[in-house]
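K.L.:
Below you'll find the structure I mean.
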Amino acid sequence: MATPNQREGQDEPESDDEVYEVVDLTEYARRHQWWSRVFGSNSGPIAEKYSVATQLMMGGVTGWCAGYVFQRVGKIAATAIGGGFLLLQIANHSGYVQVDWKKVEKDVNKAKKHLKKKANKAAPEINTFIEEATDFIKRNIIVSSGFVGGFFLGLAS
């Protein structure tokens with residue numbers, strides 16, 4: 001006979017006060033997109049709420065900020081990676097480091113084969129994210145255009 005705390009198809013809990021509900025976070029994430037948390041629960045596009053000039057300004061400013069940060073971080077990363085390669089080449093040329101290039105080539109080819117296998121089995125979450133992002137951009141084309149323009153201006157400054 002089932003107890004009141006017992007649900008159909010589940011084992012009886014070890015004690016009466018230990019009843020847990022299983023929450024499926026993947027299903028919750030699919031139903032509650034990130035932009036719903038950021039922009040509110042309205043399902044309509046931003047175009048319904050603000051004028052064209054406001055949308056272009058919002059997109060342009062956020063795009064410029066993102067482009068500026070991307071440019072600065074990119075310069076720092078390029079300097080660090082390039083400097084690391086330069087130091088490794090100097091160490092190699094000076095005799096401090098010996099590189100087994102045949103082993104490197106073998107490992108790189110092995111990694112390429114592994115990546116090709118994994119690329120053919122792309123995760124459905126990535127495809128879903130791309131479809132949702134494309135739909136968001138289509139519904140909010142003015143803000144998206146302002147963002148792209150601002151991003152390029154941020155990269156140039």
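The values are calculated or read from the model by the stated rules, or taken from the named source; none is laboratory data. These numbers come from a predicted model, not from an experiment. Cβ coordinates were reconstructed from backbone atoms using ideal geometry, including for glycine residues, and neighbour counts include every protein chain displayed. The accessibility values were calculated without ligands, DNA or RNA, using every heavy atom of the protein model including side chains. Shrake-Rupley method; radii C 1.70, N 1.55, O 1.52, S 1.80 Å.
K.L.:
Any chance you could count how many residues in the stretch 59-87 are open to solvent by less than 50 Å² (accessible area, probe 1.4 Å), farther than 13 Å from S157 by Cβ and touching a residue at least 12 places away in the same chain (Cβ under 8 Å)?
P.N.:
Here the count works out to 1.
K.L.:
If you check V97 against the conditions, is it outside any helix (DSSP H, G or I) and either on the phi > 0 side of the Ramachandran plot or over 23 Å from the mean Cα position of the chain (by Cα) (or both)? It would help to see each step written out before you state the result.
P.N.:
Values: outside any helix (DSSP H, G or I): yes; either on the phi > 0 side of the Ramachandran plot or over 23 Å from the mean Cα position of the chain (by Cα) (or both): yes.
Spelling it out, V97 is indeed outside any helix (DSSP H, G or I) and either on the phi > 0 side of the Ramachandran plot or over 23 Å from the mean Cα position of the chain (by Cα) (or both).
K.L.:
Among the candidates S43, S36, which residue alone is closer than 22 Å to I130 by Cα, outside any helix (DSSP H, G or I) and modelled with pLDDT under 85?
P.N.:
That would be S43, the only listed residue that is closer than 22 Å to I130 by Cα, outside any helix (DSSP H, G or I) and modelled with pLDDT under 85.
K.L.:
Looking only at the stretch 130-140, which residues are within 24 Å of S51 (Cβ to Cβ), of a type outside the set (K, R) and in contact (Cβ under 8 Å) with a residue 24 or more places away in the chain?
P.N.:
F136, N140, listed by residue number.
K.L.:
So if I check each of K75, K106, which one is under 30 Å from G146 (Cβ atoms) and either of a type outside the set (S, T, Y) or assigned to a helix (DSSP H, G or I) (or both)?
P.N.:
From the options K75, K106, the qualifying one is K75.
K.L.:
Hey, can you tell me all the residues within the stretch 98-145 that are modelled with pLDDT of 90 or more and either open to solvent by 100 Å² or more (accessible area, probe 1.4 Å) or in contact with a helix residue (DSSP H, G or I) (Cβ under 9 Å, 6 or more places away or on another chain) (or both)?
P.N.:
Across the stretch 98-145, the qualifying residues are K102, K103, E105, K106, K110, K112.
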